[in-house]
Amino acid sequence: MTTALKAQGLGNSPYSSIGMGEFYGESYSDNTGMGQSGVSTGSGFQINNLNPALWVRNRFTTLDIGLIGQYKEIVAGNKNQRNAGGNLAYVSLSFPVSPRWAIGVSLKPYSFIDYQNLSTRLVPETSIPAQYYTTGKGGINKASITNSVQLGRYVSIGLESSYFFGNVRKATDVSVPFSNSGGDYIVSLSDKTTYSDISFRAGAAARIPIRKDNKLNLNLGGAYSFSTTINSTHVRSFELTQGSFNVIDPDTLENNLSGGLTTPSQFQVGASLEWPFKLIVSADYSRQAWSQFRSFSGANDNLKDVGRIHVGMEYLPRFTSLNYFNLVRYRVGFSHGKTPYTINKNDVNDTNVSLGFTFPMGRGYQNFLSVALVGGQRGTAGAGMIRERYGRAVLGITLLERWFTKQKID
């Protein structure tokens, strides 16, 4: 069997054909530069989407917009492929209703499927070679409303209510050579699944002073994404053609069949030490119960529960300096964990390192431009395995403004 691989979108791999596809993740540009860590701490200058409880830290009306780009090299056996792509990463708006209550709205892609595989193998019980084209495209998006409340002096809680929507198209075309002048037979099986439903994610965070005068804080945080079954409708069609002409009339095998897609639950916990306006050191652990996953057909795709660690650091040289580069925030991070995939009874690991920078901009430096750079590897290049080496960049723009301010007349 010979195989060629081709990918589009963000340069995804054959892994996007398994489960729900590839995930964008919940971290925005600043947390991405810290190894996707930060479930326990929020600066208040940018939105921390890892934990709904941290949105209340934003004292200004905050607009965050992010773009993502990725370059990837895929190796499978003796096949090698390079691809790249980009997309909108997130759009979020947070505004304080009161000193202890903030509301946020956001729109972001949640997962995506975008692949094309070509393989050649014999038609069963014959010596006739057939070409199999397998393609998939689409994804699920998430629109959310977040409520975050401060309880007392040290603790905050939050709830994210989300609406999932989107559709995925998957198709298999088999080309069987035929000796007459009519051309090859093309057998096509096409599936379209449409998703729409609501889901919830809750979080809590605590900021505990260790030294007086707010010189050192211990931050603790956690977030939990509830498993949910997303309502789905499915359409499957069949077609047999030869030389662009139908051999038989196209047939709809399933039309608007109702079902569901069960997403896995996930919990994240983290702790950090924060020297305000100077240094943050954070460490997180996340675990996702992929054994709960069920596709529209009820299959689990042999996915398993996985855990991941995230560590990161953010450094601000001097908050009161007049030197511009002393006002830039610098970040470094590391993340490692297993993916839910198993190939030939081997686990597929994913490891990456990251760098990040936040540059003040605008009058009074009240707005920010953030860049996060991530480099990593998923899988290995062993027999029957697939290795991906990727470089990812996230660009974030943060605009701050005061709303609901009472006008005073001198």
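Assorted remarks:
- The loop-placed trypsin sites (Lys or Arg not before Pro) in segment 107-176, going by DSSP, that have at most 14 neighbouring Cβ atoms within 10 Å of their Cβ come out as Arg153.
- Excluding ligands, DNA and RNA, the accessible surface per residue across the chain is 49 Å² with a 1.4 Å probe.
- Normalised Debye scattering of segment 86-208 at q = 0.15 Å⁻¹ gives log10 I(q)/I(0) of -0.82, counting only Cα atoms as equal scatterers and leaving out solvent.
- Taking 1.002 mPa s as the viscosity and 20 °C as the temperature, the Stokes-Einstein diffusion coefficient of segment 131-181 based on its alpha-carbon Kirkwood radius rounds to 135 µm²/s.
- Carbon and sulfur %, accessible surface of the chain computed with the full protein complex present, 1.4 Å: 59 percent
- Each semi-axis of the equivalent ellipsoid for the chain is √(5λ) with λ an eigenvalue of the Cα gyration tensor; in descending order they amount to 46, 23, 19 Å.
- Segment 269-310 versus segment 20-84: alpha-carbon centroid distance in Å: 13 Å
- With a threshold of 31 Å on the Cα-Cα distance, the over-threshold entries among Lys79/Lys338; Lys142/Lys215; Lys79/Lys304; Lys278/Lys304 are Lys142/Lys215; Lys278/Lys304.
- Taking label positions 7 Å along the Cα-Cβ direction at both Thr61 and Tyr365, the computed distance is 2.5 nm, reported to one decimal.
- Here the simple spin-label model places points 7 Å from the Cα toward Cβ, and for Val353 and Val91 these points are separated by 3.7 nm.
- A simple packing score, the average count of other Cβ atoms within 10 Å per residue, orders the peptides 37-50, 104-117 as 37-50, 104-117, with the highest score first.
- Taking Ala204, Ala102, Ala76 as the candidate residues, the one with maximal mean-square fluctuation in a Gaussian network model of the chain, Cα springs under 10 Å, is Ala76.
- At an R0 of 41 angstrom, the distance between the Cβ atoms of Leu257 and Asp184 translates into a FRET efficiency of 0.85.
- Straightening the chain between Ser127 and Leu216 buys 24.7 nm, computed as 0.36 nm per residue apart minus the Cα-Cα spacing.
- Under 5 Å, built H, 5+ apart or other chain: amide partners of Gly183: none
- Here the sum of -39500 (n - 2.57) over DSSP H runs of 4 or more residues, divided by the residues of the chain, equals 0 deg cm²/dmol at 222 nm, to the nearest 500.
- Segments 378-387, 242-251 sorted - mean Cβ within 10 Å per residue, highest first: 378-387, 242-251
- When each of the peptides 22-28, 276-282, 262-268 is scored by how many other beta carbons lie within 10 Å of its residues on average, the order from highest to lowest is 22-28, 262-268, 276-282.
- Multiplying the residue separation of Glu73 and Asn231 by 0.36 nm and subtracting their alpha-carbon distance yields 53.4 nm.
- Note on Asp184: accessible area approximately 70 square angstrom, rounded to 10, probe 1.4 Å, nucleic acids and ligands left out.
- Computed from the alpha carbon atoms alone, the convex hull of segment 16-140 holds 131 Å³ per residue.
- Dividing the Cα radius of gyration of segment 102-145 by its Kirkwood radius returns 1.44 for Rg/Rh.
The values are calculated or read from the model by the stated rules, or taken from the named source; none is laboratory data. Just so it is clear, the structure is predicted and the values come from calculations on it, not from any experiment. As a convention, Cβ positions derive from the backbone with ideal geometry for all residues, glycine included, and neighbour counts pool all protein chains shown. These area figures cover heavy atoms from the full protein model, side chains too; ligands, DNA and RNA do not enter into them. Shrake-Rupley method; radii C 1.70, N 1.55, O 1.52, S 1.80 Å.
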